[in-house]
Structure formats: structure tokens, C-alpha cells
Amino acid sequence: MGWFEALVLGLVQGLTEFLPVSSSAHIRLTAAFAGWDDPGAAFTAVTQIGTELAVLLYFSRKIGRILHRWFLSLTRREYRSDPDARMGWLIIVGSVPIAVLGLLFEDRIESVFRDLRLTATTLIVFGLLLLVADRFGRKERELDQLTVPHGLAYGFAQALALIPGVSRSGGTITGGLLLGYKRADAAEYAFLLAVPAVLASGVYKLTDIGEGDAPGVGPTLLATIVSFGVGYAVIAWLMSYIKKNSFVPFVIYRVALGVLVLVLVFTGVLDPDAGPVEAGAVEAPH
């Protein structure tokens, strides 16, 4: 991977990580449309460290309170009913599904799940699910009403994002809306819930960077830094936007992009396993 590719993919990661459109799908598709090699799951996981650092900065006061009260709750009974301490435990509970499923399906995440036909299909299907949730969700509950079962449900919704095209934020927000939470509350918990899972995944994949076909350390670091700066701006915009607006524009975009990718794949313009099919090449059956 060259420096220009890293810059572009870092921008894409930062722009799409927090929007409900799937950053992993956009990194995969950007590389495919440009004719670049698939940067791989390790590159995606590591560059997401940058966007999660943006979450830590944007929600620094809240995260600081959660950590402080959670640690106090370990030894002092009076803090165990504190809302911030409770949120700390609920983030741990909600992180269990993606940790378990991520390890169980690691090989498929790096191979089968990166097929562009699957990516396009999940863009469409989960876009329509977001539309249903946004249209029919009651949007009455706030985060202080979060329960352990709801935390687990959020966690399983987040785990679906192991498949490129689902969207970590989109899947988790959809789950929250279906459970009756307000848009901003569903988004905030989605962002907080992603922190331990994404940071753990990124650190776990750090040793893969620079090995074999994986991108080198320098370009990956550049992409991570770029994704941090862009991601912070996107969080601030999105949290303001969803207080007064629906997710419909994102749904339209997801469905249109998914249909476009399917058309390009089935007409032979894109190889579902890589980038553009070279002229004169014989496409292998899939």
C-alpha cells in the first residue's frame, strides 16, 4: 500500500465509521473501485483505533466519570447503583457478544465475509432495517433506562458488524431504536459500546500489519491519524444532526450503493473477491 492509498482510506474510515453506512464496506469498496488490493481486515481494525480515539476525546468527560465510578463500585457498595458505574458494567456486558463471535469467526471475517456480493446485500438489507427501526421505534427511552437484557441486545446488534456492510454504528443504533430508545441515546451508547471492542480488535491485529500481504506500518499509521481527525468532526456533526433529523438519507444512500455494487459485480465490472476485472481476463466461477 502506498502513502496516497493510505491517505484516501484514512479519510474514508474517518468519514464513515460513525455514520450508519459501514466503514469496513466503504474501505473495501474504495479499494475495489480504485483497482487497489483489498487492504484486509487487519488494516481496517487498526485504523479504527484512530476513530475510537476520537470517541474517547469527544466523550472524554462522560467516559472519565464512567471509569471513575465503575472502579469505585468494585470496592464500595454505595456506588453500585450509580448510573455511571452501571453504564460501565453495561458496556462490559454489551461487549461480550462481539468478543466471542469475533474470535469464533475470525477466519471468515478475513475471507468469506469480504465478498462484495455479501457486502452489497448487507448494505441494502440492514439499510432497510434501519428505516423500519427509525420509522416505527417508539424513541421514548433514555440511557438511564438501559437494562442488562437491552445491553446484551445492543451487543449482538454490534456483533453483526463483523460482516462488512452491516455498519457497527448502524447495526447498534438500529437495535437501540427497535428497543425504543431515542436517536441520540441509541447513538451515544453505540459509540461508547464500540470503544472496548474496537480498541481490543485493533491492538489484537497490530502484529499482522506489515506481515505478508498486509499494508506496512507507515501507511497504516498515516491512515489511523487521518481517521482520528476526520472521525472527531463527524461525531460532532452526527450527534447534532440526529437530534432533529431522521436516518432516511443514510438509508437511501445505503440501498443505492448496494444496488450499484451488485450491478457492477453481476455485469463483470467488479470481481467480488478483489477490484476491477482486467480486460480480457476470464472470471473464475464463484
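The values are calculated or read from the model by the stated rules, or taken from the named source; none is laboratory data. Just so it is clear, the structure is predicted and the values come from calculations on it, not from any experiment. Glycine gets a Cβ as well: all are built from the backbone with ideal geometry, and neighbour counts include every protein chain shown. SASA here: full protein model, heavy atoms, side chains in, ligands and nucleic acids out. Shrake-Rupley method; radii C 1.70, N 1.55, O 1.52, S 1.80 Å.
From (1) closer than 21 Å to Phe43 by Cα; (2) surrounded by 18 or more Cβ atoms within 10 Å (Cβ to Cβ), pick out the condition that doesn't hold for Thr207.
That leaves (2) as the condition not met.
Which of the residues spanning segment 146-165 are touching a helix residue (DSSP H, G or I) at 6+ places or on another chain (Cβ under 9 Å), at pLDDT 90 or above and either of a type in the set (Val, Ile, Thr) or more than 26 Å from Thr44 (Cα to Cα) (or both)?
Residues satisfying the conditions are Leu146, Thr147, Val148, His150.
When Ala197 is evaluated against the numbered criteria (1) hydrophobic (A, V, I, L, M, F, W, C); (2) assigned to a helix (DSSP H, G or I); (3) open to solvent by less than 10 Å² (accessible area, probe 1.4 Å), which criterion, by number, is the only one it fails?
So the condition that Ala197 fails would be (3).
Which pairs have Cβ atoms under 9 Å, sit 6 or more apart or on different chains, and link a residue in segment 234-263 that is open to solvent by 60 Å² or more (accessible area, probe 1.4 Å) to one that is β-branched (Val, Ile, Thr) and not in a helix (DSSP H, G or I)?
Close Cβ pairs (under 9 Å, with a partner that is β-branched (Val, Ile, Thr) and not in a helix (DSSP H, G or I)) amount to Tyr253/Val21; Val263/Val269.
Asp134 is checked against (1) modelled with pLDDT under 90; (2) surrounded by 21 or more Cβ atoms within 10 Å (Cβ to Cβ) and fails just one. What number does that condition carry?
(1)
Looking only at segment 87-110, which residues are closer than 16 Å to Pro196 by Cα and either open to solvent by 70 Å² or more (accessible area, probe 1.4 Å) or in a loop (DSSP other than H, G, I, E, B) (or both)?
Step one: list which residues in segment 87-110 are closer than 16 Å to Pro196 by Cα, which gives 87-103.
Once the filter is applied, which keeps residues that are closer than 16 Å to Pro196 by Cα and either open to solvent by 70 Å² or more (accessible area, probe 1.4 Å) or in a loop (DSSP other than H, G, I, E, B) (or both), segment 87-110 yields Trp89, Ile92, Val96, Val100, Leu103.
Quick one: is Pro83 surrounded by fewer than 24 Cβ atoms within 10 Å (Cβ to Cβ), in contact (Cβ under 8 Å) with a residue 60 or more places away in the chain and over 19 Å from Ile27 (Cα atoms)? Explain how you work it out, then say what you get.
Details: surrounded by fewer than 24 Cβ atoms within 10 Å (Cβ to Cβ): yes; in contact (Cβ under 8 Å) with a residue 60 or more places away in the chain: yes; over 19 Å from Ile27 (Cα atoms): yes.
When the stated conditions are applied, Pro83 passes them.
Can you tell me which residue in segment 210-228 is most open to solvent (accessible area, probe 1.4 Å), limited to those that are small (Gly, Ala, Ser) and more than 12 Å from Gln48 (Cα to Cα)? Before you say what the answer is, go through the steps one by one.
Keep residues of segment 210-228 that are small (Gly, Ala, Ser), which gives 210, 212, 214, 216, 218, 223, 227.
Add one more test, that the residue is more than 12 Å from Gln48 (Cα to Cα), and what stays is 210, 212, 214, 216, 218.
Working: Gly210: 45, Gly212: 78, Ala214: 30, Gly216: 28, Gly218: 27 Å².
Of everything passing the filter in segment 210-228, Gly212 is most open to solvent (accessible area, probe 1.4 Å).
With the condition kept exactly as written, say whether any residue in segment 54-63 is open to solvent by 10 Å² or more (accessible area, probe 1.4 Å), closer than 23 Å to Thr119 by Cβ and in contact (Cβ under 8 Å) with a residue 12 or more places away in the chain.
Within segment 54-63 (the criterion being open to solvent by 10 Å² or more (accessible area, probe 1.4 Å), closer than 23 Å to Thr119 by Cβ and in contact (Cβ under 8 Å) with a residue 12 or more places away in the chain), the answer is no, since none of the residues qualifies.
What's the total number of residues in segment 125-171 that are part of a helix (DSSP H, G or I) and polar (S, T, N, Q)?
Within segment 125-171, residues that are part of a helix (DSSP H, G or I) and polar (S, T, N, Q) number 3.
Could you please let me know if Trp36 is more than 28 Å from Gly258 (Cα to Cα), open to solvent by 10 Å² or more (accessible area, probe 1.4 Å) and not β-branched (Val, Ile, Thr)?
no
Would you mind stating whether Ala45 is modelled with pLDDT under 90 and farther than 18 Å from Gly258 by Cα?
Here the answer is yes, as Ala45 does meet what is asked.
Somewhere in segment 42-49, is a residue open to solvent by 20 Å² or more (accessible area, probe 1.4 Å) and touching a residue at least 24 places away in the same chain (Cβ under 8 Å)?
Yes; the residues of segment 42-49 include at least one that is open to solvent by 20 Å² or more (accessible area, probe 1.4 Å) and touching a residue at least 24 places away in the same chain (Cβ under 8 Å).
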